Amino acid sequence: MYGWRGTIGLVKPTFRPGPLEAFIRLLPEGVCAVPRYVGIRSGTEKEFAEALAVADQRVGELAALKVDLVLLQGAPPFMLLGPEFDRDNSRKLREKHGVAVLSTTMIQIDALKSLDAKSLVGLTYFQDDLNPKFAQFFEKAGFTVKAMKGIDVPFADVGKVPVEVIYAEAKKLFQHSGGADCLYLLGAGWDCLKAIAPLERDLNTSVVTNVPADLWAALKFLGIREPIKGYGRLLEELP
């Protein structure tokens, strides 16, 4: 029987390969995932705003398929509108479609709190016209953001950034910013999973990023306590 421990519906922001496969590979036995897509292609603020209506439709489609939980993946569209909007939007979708809904951004706030983080340094793959707005999101949620910077890469090529580059850029930014309780890697589009454990060890901090945080929240919702090794404290300790 498929999904005998639960089925998770995923509303994914982009069609890019990688994040879905990474999420599914880490799922415990007996947990299934059903993806639907919004279709963001350029990563602009205008496109993020338009994506919200499409995400509503996708939640409805997943609710009709009787999934146990819908994860609204993709942080930027919700970050730009602030924590209060994000929380209210998830509640409205839950009431409208009759299915549990968690957004990546609310999940990340919960993950930071579970790790007792009060401050963070953030590395993204977005341009610096958006990064201050991402920082404001976390500041409004009560965290001290010591830095929120982007690497210089075209949005379509994010998945091609080598893990060695992610590690080096994150380490440099973290050290130059004076450190923090958490290193935050924004976005599921880059292949950063293998950098998490080395960064936690070398910087003596916690790392939060999309795929592990979403998985942590899904397991918590489904009542599954099955630690996953090699991808940081969040999945190893399941706080």
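A short reminder: the numbers here are calculations on the coordinates, not readings from a lab. On a predicted model such as this, the values are computed, not experimentally measured, just so you know. For neighbour counting, all protein chains shown are included, and Cβ atoms are generated from backbone atoms with ideal geometry for every residue, glycine included.
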**Complete:** Amide H proximity to Gly6 below 5 Å, modelled H, separation 5+ or other chain, gives Cys32
**Message:** Please list, in order along the range 143-158, the HN-Hα scalar couplings obtained from phi with the Karplus expression 6.51 cos²θ - 1.76 cosθ + 1.60 (θ = phi - 60°), rounded to whole Hz, x for Gly and Pro.
**Reply:** 9, 8, 9, 7, 6, 8, 10, x, 8, 8, 8, x, 4, 6, 9, 4
**Request:** List the residues whose amide H sits under 5 Å from the amide H of Asp181, counting only those 5 or more places along or on another chain, with H placed 1.01 Å from N in the peptide plane.
**Result:** Lys118, Ser119, Leu120
**Request:** Could you work out the equivalent-ellipsoid semi-axes for the range 1-45, taking the square root of 5 times each eigenvalue of the Cα gyration tensor, largest first, in whole Å?
**Result:** 25, 11, 6
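Given charges of +1 on the Cβ of Lys and Arg and -1 on the Cβ of Asp and Glu, with all other atoms neutral, how large is the dipole of the chain about its Cα centre, in debye to the nearest 20? Present the calculation step by step, with values, prior to reporting the outcome.
Values: 29 positive and 29 negative charges, 68 e Å.
Taking the Cα centre of the chain as origin, the dipole is about 320 debye.
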**Request:** Return a whole-number percent for the relative contact order of the chain, with Cα pairs under 8 Å and 6 or more residues apart as the contact set.
**Result:** 19
**Request:** Identify which of Asp214, Asp202, Asp68 has the largest mean-square fluctuation in a Gaussian network model of the chain, with springs joining Cα atoms closer than 10 Å.
**Result:** Asp202
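How large is the Rg to Rh ratio of the chain when both quantities use alpha carbon positions and Rh follows Kirkwood? Show your work: numbers first, answer last.
Working: Rg = 16.6 Å, Rh = 17.8 Å.
Radius of gyration relative to Kirkwood radius: 0.93.
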**Fill in**
Sequence order, the range 211-228: Karplus ³J(HN,Hα) from phi using 6.51 cos²θ - 1.76 cosθ + 1.60, θ = phi - 60°, Hz rounded, Gly and Pro as x, gives 4, x, 5, 4, 5, 4, 5, 5, 5, 4, 5, 7, x, 10, 10, 9, x, 10
**Message:** Sorted from largest to smallest, which semi-axis lengths in Å does the alpha carbon gyration tensor of the range 1-104 give for its equivalent ellipsoid, taking the root of 5 times each eigenvalue?
**Reply:** 23, 17, 11
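Can you give the FRET efficiency for Glu95 and Ala49, using 1/(1 + (r/R0)^6), R0 = 22 Å, r = Cβ-Cβ distance, to the nearest 0.05?
Values: r = 22 Å, r/R0 = 1.01.
According to the calculation, E is roughly 0.50.
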**Item:** Relative contact order for the range 94-233, counting Cα pairs under 8 Å that sit 6 or more residues apart, in percent
**Value:** 27
**Message:** Please list 3J(HN,Hα) in residue order for the range 111-116, calculated via the Karplus relation 6.51 cos²θ - 1.76 cosθ + 1.60 where θ = phi - 60°; whole Hz, with x for glycine and proline.
**Reply:** 5, 4, 5, 5, 8, 6
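Need one word for the range 86-155: rounded, prolate or oblate. Basis is the Cα gyration tensor (sqrt eigenvalues a ≥ b ≥ c); a/c below 1.5 gives rounded, then a/b vs b/c decides. Each step should come with its number before you reach the end.
Working: a/c = 2.54, a/b = 1.54, b/c = 1.65.
Oblate shape, in that a/c is at least 1.5 and b/c is the bigger or equal ratio.
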**Cα-based reach from Lys146 at 22 Å (exclusive), listing lysines while leaving out same-chain residues under 8 positions away** = Lys113, Lys118, Lys133, Lys171, Lys172
**Request:** Mind listing the long-range amide H neighbours of Ala100? Cut-off is under 5 Å, sequence gap 5 or more, other chains count too, H placed in the peptide plane at 1.01 Å from N.
**Result:** Val70
**Theoretical FRET efficiency, 1/(1+(r/R0)^6), r = Cβ-Cβ of Phe221 and Glu164, R0 45 Å, to 0.05** = 0.85
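Given +1 on the Cβ of Lys and Arg, -1 on the Cβ of Asp and Glu, and no further charges, what dipole in debye does the range 112-177 carry about its Cα centre, rounded to the nearest 20? Mind dumping the intermediate values first?
Details: 9 positive and 8 negative charges, 59 e Å.
So the dipole magnitude of the range 112-177 works out to roughly 280 debye.
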